[in-house]
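Here the structure comes first, spelled out in structure tokens, and everything after it is commentary.
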Amino acid sequence: MGEIMQIRARGIRATVAALAAVAGVAAVAVPAAAATTPASATPRFLEPAELPPHPTSPWYAGPVTAGQPDPLPVCVGEALPSIATHRSYGTEFDTNAQQITVVERTAQRAKDFAALLRKDIAGCAKKLMEQDPDLTATQKSYGRLDVEEGAHVYGLHTASAWGSSDIGLFSVGRDGRTVTVVLWGQMGNFQHAQVADFKETTVTAVDKLY
């Protein structure tokens with residue numbers, strides 16, 4: 001729900017400019033000032049080949065980077081703490097993705113944080129339309145995945161009065177005291193959502209956290 005994948009910022013640019021993209025993910029380019037976290041200090045992140053396959057382009061990945069994505073992803077960005085770690089991905093076309101991981105102090109804190117993220121996603125379409133009267137947002141829940149402590153998958157479609165149409169997929173998963181969020185987006189609608197592939201990507205993301 002921001003721009004790891006720069007799904008097309010103009011869809012909600014007028015009222016959600018800080019979020020940068022309807023799918024809520026960030027562009028593959030990472031700010032030069034961001035600090036890269038050593039792999040030994042963080043959970044493992046998705047590799048480009050583990051993302052939903054693009055029909056005509058490979059995926060490319062930025063570095064694993066400490067801190068919140070900039071700009072913050074739509075729907076989940078406001079809840080992200082400064083201890084987050086993220087990685088951005090993109091293709092040669094208008095398809096992008098992002099993974100954000102937070103390691104909490106206890107499993108209970110991680111459980112509560114995952115629940116907060118799911119709540120924010122559940123109310124995201126309504127919030128976006130309140131922020132921008134020219135935007136129509138529709139979302140779906142694709143259910144729970146049985147991986148580690150569980151993961152939930154959601155879809156968000158946004159269409160603007162001036163013609164843009166973007167589809168984003170989100171998942172929130174937990175393994176012990178670690179929570180990971182995966183975002184994917186491109187131009188299109190629910191018919192263009194690679195739900196089955198995205199579920200496989202989510203399972204892989206949660207499985208490989210440690």
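The values are calculated or read from the model by the stated rules, or taken from the named source; none is laboratory data. Nothing here was measured: the structure is a model prediction, and the numbers come from that model. A quick note on method: Cβ atoms are made from the backbone with ideal geometry, for glycine too, and the neighbour counts reach across all protein chains shown. Areas reflect the complete protein model, heavy atoms only, side chains present, ligands, DNA and RNA absent. Shrake-Rupley method; radii C 1.70, N 1.55, O 1.52, S 1.80 Å.
Summing Cβ point charges (Lys, Arg +1; Asp, Glu -1) relative to the Cα centre of the stretch 151-210 gives a dipole of roughly 180 debye. Please compare each pair in K140/K208; K111/K208; K119/K140; K119/K199 to a cut-off of 21 Å on the Cα-Cα distance and tell me which ones are over it. Going by Cα-Cα distance, K140/K208 fall outside the 21 Å limit. To the nearest 10, the accessible area of F93 is 110 Å² with a 1.4 Å probe. Per atom type, the stretch 72-176 shows carbon and sulfur on 49% of its accessible surface, probed at 1.4 Å. Computed with a 1.4 Å probe over protein heavy atoms only, the accessible surface of the stretch 122-181 comes to 41 Å² per residue. Potential lengthening of the chain between D146 and D112 amounts to 10.4 nm, from the contour at 0.36 nm per residue minus the alpha-carbon distance. These residues, D197, D166, go from largest to smallest accessible area, 1.4 Å probe, as D197, D166. When only Cα pairs below 8 angstrom with a gap of at least 6 residues are kept, the stretch 51-93 shows a relative contact order of 52 percent.
Between K126 and E78, the modelled label-to-label distance comes to 1.3 nm, taking each label 7 Å out from Cα in the direction of the beta carbon.
Projected label points at F190 and W162, each 7 Å from Cα along the beta carbon direction, are separated by 2.7 nanometres. In the assembled protein chains, E130 presents an accessible area of approximately 130 Å² (probe radius 1.4 Å).
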